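The values are calculated or read from the model by the stated rules, or taken from the named source; none is laboratory data. As the structure is a computational prediction, the values presented were derived from the model and not from experiment. All Cβ positions, even for glycine, are placed from backbone atoms using ideal geometry, and neighbour counts span all protein chains on display. SASA here: full protein model, heavy atoms, side chains in, ligands and nucleic acids out. Shrake-Rupley method; radii C 1.70, N 1.55, O 1.52, S 1.80 Å.
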Amino acid sequence: MINPHYLNVHLLYIINLLIVFIIITLLFTVIFKILPDGKVVLRDCLIGASFTAVLFMLGKFGIGAYLGSSAIASIYGAAGSLILILAWVYYSAIILYFGAEFTKVYAHAHGEKIIPNEYSVKIVKRKWSYTTNPAPII
């Protein structure tokens, strides 16, 4: 027979995961909606933010598993904690940028197009060659 306390603990753990996932998704949604110099549809932001939140939580579990199974503090002392914090900041930044790029690609491929604001600067890519004359410097 299964202990009811065992089920309650796992149910609370799953509820905790869902609440954390929803909060992280909302935070990334706000970042992806407000931060760009363009109008992004909320649905595209939610899809990109949920994808980013999944990656963020996987990284959180990975760092937690590494901390639980390794003896990095005993090997490197206080420097081990600093290395782990720097690795977490690096991973978080990569996930944020990857999530923003995923949101952009998803919005262009499956969702609404991202409309630049009136004060946005358009960057035009040109093929450069030695034969073209550069603009004169005045």
Worksheet entry | The listed residue being modelled with pLDDT of 95 or more, within 25 Å of SER120 (Cβ to Cβ), touching a helix residue (DSSP H, G or I) at 6+ places or on another chain (Cβ under 7 Å) and surrounded by 15 or more Cβ atoms within 10 Å (Cβ to Cβ), out of PHE28, PHE21 | PHE28
Worksheet item: Within region 31-53, which residues are in a helix (DSSP H, G or I), open to solvent by 90 Å² or more (accessible area, probe 1.4 Å) and basic (Lys, Arg)?
Response: ARG43
Discussion item. Within region 56-87, take every residue that is aromatic (Phe, Trp, Tyr) and closer than 30 Å to ARG43 by Cβ and give me the one that is farthest from the chain's Cα centre (by Cα).
Written reply: PHE61
Worksheet item: Does GLY64 qualify as being at pLDDT below 90 and assigned to a helix (DSSP H, G or I)?
Response: yes
Worksheet item: Can we say ALA79 is modelled with pLDDT under 95 and loosely packed, with under 12 Cβ neighbours inside 10 Å?
Response: yes
Discussion item. List pairs: first residue in region 1-22 and under 21 Å from ALA53 (Cβ atoms), second residue modelled with pLDDT of 85 or more and surrounded by 10 or more Cβ atoms within 10 Å (Cβ to Cβ) anywhere in the structure, Cβ distance under 6 angstrom, at least six positions apart or on different chains.
Written reply: PHE21/ALA53
Fill in: Hey, LEU58 at pLDDT 80 or above, assigned to a helix (DSSP H, G or I), open to solvent by 50 Å² or more (accessible area, probe 1.4 Å) and within 25 Å of PRO36 (Cβ to Cβ) or not
yes
Practice prompt. Determine which single condition LYS33 fails, assuming it passes every other condition in (1) within 13 Å of the chain's Cα centre (by Cα); (2) in contact (Cβ under 8 Å) with a residue 12 or more places away in the chain.
Written response: (1)
